[in-house]
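The block underneath contains the structure these notes are about, expressed in structure tokens.
The values are calculated or read from the model by the stated rules, or taken from the named source; none is laboratory data. Remember, predicted model here, so these are calculated numbers, not experimental data. Quick reminder, even Gly has a Cβ in these numbers, built from the backbone with ideal geometry, and neighbours come from all protein chains shown. We work out accessible area using only protein heavy atoms, side chains counted, and drop any ligands, DNA or RNA first. Shrake-Rupley method; radii C 1.70, N 1.55, O 1.52, S 1.80 Å.
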Amino acid sequence: MKVTTSKSKNSESFYITHSYINSNGRSTSKRIRKLGTLKELTETLGTDRDGVMEWAREQARLETENYKREKEAKTVLVPFHADRQLDYGCQKLYKGGYLFL
């Protein structure tokens, strides 16, 4: 996760974005969370732009830790029993073919 800024004529907004490789093999990114505008954040944090950037980087670090924890929890384990015998007499897969109307 990283902090990105978007500047317009009247304000500057801060976002946390996540960059990744999509299924087509292209690099892309998506916005995870909007932190706020520079004016809002300087008022709430009571600091200048450099202080806001430090706070935003810390928020991005925390978001990265949460993402890694969630990704680790989504790991699926498939149990395998080496001592069990396979049923060779029964059919497990069936070929359906195509249905033409």
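At 7 Å along the Cα-to-beta-carbon direction for both TYR88 and ASN66, put a label point, then send me their distance in nm to one decimal.
5.5
Please arrange HIS18, HIS81 by accessible surface area, largest first, computed with a 1.4 Å probe and ligands excluded.
Reading off the accessible areas and sorting them downward yields HIS81, HIS18.
Can you give the net charge of the other residues whose Cβ lies under 14 Å from the Cβ of THR42, counting K and R as +1 and D and E as -1?
Taking every Cβ under 14 Å from that of THR42, the sum is -4.
With every protein chain kept in place and ligands, DNA and RNA left out, what is the accessible area per residue of the chain? Probe 1.4 Å, answer in Å².
It amounts to 90 Å² per residue over the chain.
Once the other residues with Cβ under 9 Å from the Cβ of TYR15 are scored (Lys, Arg +1; Asp, Glu -1), what is the net sum?
Combined, the nearby Lys, Arg, Asp and Glu give +3.
With a 1.4 Å probe and all protein chains left in place, how much of the accessible area of the chain comes from carbon and sulfur atoms, in whole percent?
50
What pairs from LYS7/LYS68; LYS34/LYS74; LYS74/LYS95; LYS2/LYS68 go past 21 Å between their alpha carbons?
LYS7/LYS68; LYS34/LYS74; LYS74/LYS95
Keeping all protein chains in position, work out how much accessible area LEU77 exposes to a 1.4 Å probe, and write it in Å² to the nearest 10.
Its heavy atoms expose roughly 150 Å² to the probe.
Keeping all protein chains in the complex and leaving out DNA, RNA and ligands, what accessible area do you get for GLU58 with a 1.4 Å probe, in Å² to the nearest 10?
Surface accessible to solvent at GLU58 totals approximately 80 Å².
Near the amide H of GLY36, under 5 Å away, which other amide H atoms are found, from residues 5 or more places off or on another chain, if H is placed in the peptide plane?
PHE14
For every helix of n ≥ 4 consecutive DSSP H residues, a contribution of -39,500 (n - 2.57) applies; sum these over the chain, divide by its total residues, and give [θ] at 222 nm rounded to the nearest 500 deg cm²/dmol. Let's see the in-between values first.
On the way: 2 runs with 33 residues, N = 101.
Mean residue ellipticity, 222 nm, calculated: -11000 deg cm²/dmol.
Once the principal axes of the Cα atoms of the chain are found, what is the range along each, listed largest first in whole angstroms?
74, 45, 21
Starting from the Cα of GLU58, move 7 Å in the Cα-to-Cβ direction to define the label point; list residues of segment 1-33 whose amide nitrogen is under 19 Å from there.
Inside the label zone: 1-4, 14-17, 33.
Starting from the residue with the highest accessible area, list VAL52, VAL76 in decreasing order, probe 1.4 Å.
From most accessible down to least: VAL76, VAL52.
Given a 1.4 Å probe and heavy atoms of the protein chains only, how would you sort TYR20, TYR94, largest accessible area at the top?
Accessible-area ranking of TYR20, TYR94, largest first: TYR94, TYR20.
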